[in-house]
Amino acid sequence: MRNIPIHVLDATPRSVVAIGSDYPDGFLHPSHTHRRAQLLYGAKGVMKVVTKGGNWIVPPQRAVWIPPQVAHEVLYFGVSTRSLYIEPASIPSTRTDCQVISVSPLLRQLLMESVDVPLEYEEQGRDGALMSLLLHELARATELPFHIPLPIDPRLLSRCQAFLQVPDIHQSPQDWARDLYMSERSFSRLFREQTTMSFGQWRQRACVVLALARLSAGASITRIALDFGYESPAAFSTMFRRILGQSPTAYLDNL
């Protein structure tokens, strides 16, 4: 199935419904929910997924898992997607929260093939086996650190959202504590309680994850490093490697 909304097909009597969709650059799908869980894979382009719990940047050839009934909006940058909509009873036990996951070559080929499977496929035949194998591969996929958690506290949430609009690696916990009229100790405790990360860890994660989208869109490493306040492209590359385990150049080579 291609370019058909899931609400039209939601009642299909199958555990998995696969849909392929194409989106123009900059298309925003406003906040919505699905009764089924969704695996959203971008064959090309970049996606930004936002929920109350945080932001996820999804580079090309990765996927994001969205549990049932989780309100989310998606911003697409020239993306061609393959989506699996999975009945709650068939969700792999490893997939309970929103997360970006790796996509193995086998999972990628299964996703590309799935959208050409008949809607009411023969469950005991070849197409049923394909969908069953998809669920097995989904359960084995590795979570990637592309999540920027967001706090619930309104004051802290507003400050985090402002940072995500204009990231700056030099912003300090002392600055944030002062702006929020808190002691540094109280601020640090609140930040960790709300995000499960220290301020320094969150700041580094946010800068690297936001850089992913810009790298995928063609921005240079030097431009990103300067815009985010790094002392040099080498300093940015070191932080990128520390968070993601590879250099920005290696990341680009794998796209």
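What follows draws every value from the coordinates through simple rules; no lab data is involved. Just so it is clear, the structure is predicted and the values come from calculations on it, not from any experiment. Using ideal geometry, Cβ is built from the backbone for each residue, glycine included, and neighbour counts are taken over all protein chains shown.
A few remarks follow.
- Principal-axis tilt of helix 199-216 within the chain, Cα atoms, nearest 10 degrees: 50
- Note, ³J(HN,Hα) from phi for the range 179-196, Karplus 6.51, -1.76, 1.60, rounded to Hz, x at Gly and Pro: 5, 9, 6, 10, 6, 4, 5, 5, 4, 4, 5, 5, 4, 5, 4, 7, 10, 6
- Prolate/oblate/rounded call for the range 6-144, Cα gyration tensor, a/c under 1.5 rounded: rounded
- Its relative contact order, with pairs defined as Cα atoms under 8 Å and 6+ residues apart, puts the range 149-253 at 24 percent.
- Residues of the chain were split at every exposed loop site, defined as GluC sites (Glu not before Pro) in a DSSP loop with at most 15 other C-beta atoms within 10 angstrom, and the longest piece left, sites excluded, is 1-119.
- Those trypsin sites (Lys or Arg not before Pro) in the range 8-61 that DSSP places in a loop and that have at most 13 other beta carbons within 10 Å: R35, K52
- Estimated distance in nm for a label pair at L157 and E120, the labels positioned 7 Å out from Cα along Cα-to-Cβ: 4.4
- Listed residue (A217, Y121, A63) projecting farthest to the positive dipole end of the chain, Cβ model: A217
- For chymotrypsin sites (Phe, Trp or Tyr not before Pro), the sites in the range 148-255 that DSSP calls loop and that have at most 12 other Cβ atoms within 10 Å are Y181.
- For the chain, size of Cβ-based charge dipole, Lys and Arg +1, Asp and Glu -1, in debye: 600
- Farthest toward positive dipole pole in the chain [+1 Lys/Arg, -1 Asp/Glu at C-beta], among Q194, S104, L134: Q194
- For L144, distant residues with modelled amide H under 5 Å away: V100, I101, S102
- Amide H partners (placed H, <5 Å) of V79, local residues excluded: Y23
- Of the residues L156, L252, H170, the one whose Cα sits farthest toward the positive end of the charge dipole of the range 149-253, with +1 on the Cβ of Lys and Arg and -1 on the Cβ of Asp and Glu, is L156.
- The distance linking the range 221-255 with the range 152-172 is 21 Å (Cα centroid to Cα centroid, whole angstrom).
- The chain: angle of helix 126-140 to the longest principal axis, Cα-based, in degrees nearest 10: 20
- Computed from Cα atoms alone, the Kirkwood hydrodynamic radius reported for the chain is 19.4 Å.
- Near the amide H of N55, within less than 5 Å, lie the amide hydrogens of I148, L150, all on another chain or at least 5 residues away, with H placed in the peptide plane.
- About its Cα centre, the dipole of the range 149-253 is roughly 180 debye, where the only charges are +1 on Lys and Arg Cβ and -1 on Asp and Glu Cβ.
- The magnitude of the dipole of the range 1-147, with charges of +1 and -1 set on the Cβ of Lys/Arg and Asp/Glu and taken from the Cα centre, is near 340 debye.
- FRET efficiency for L133 and D168, using Cβ-Cβ distance with R0 set to 30 Å, rounded to 0.05: 0.10
- Tilt relative to the chain, helix 154-165 - C-alpha long axis, 0 to 90 degrees, to 10: 80
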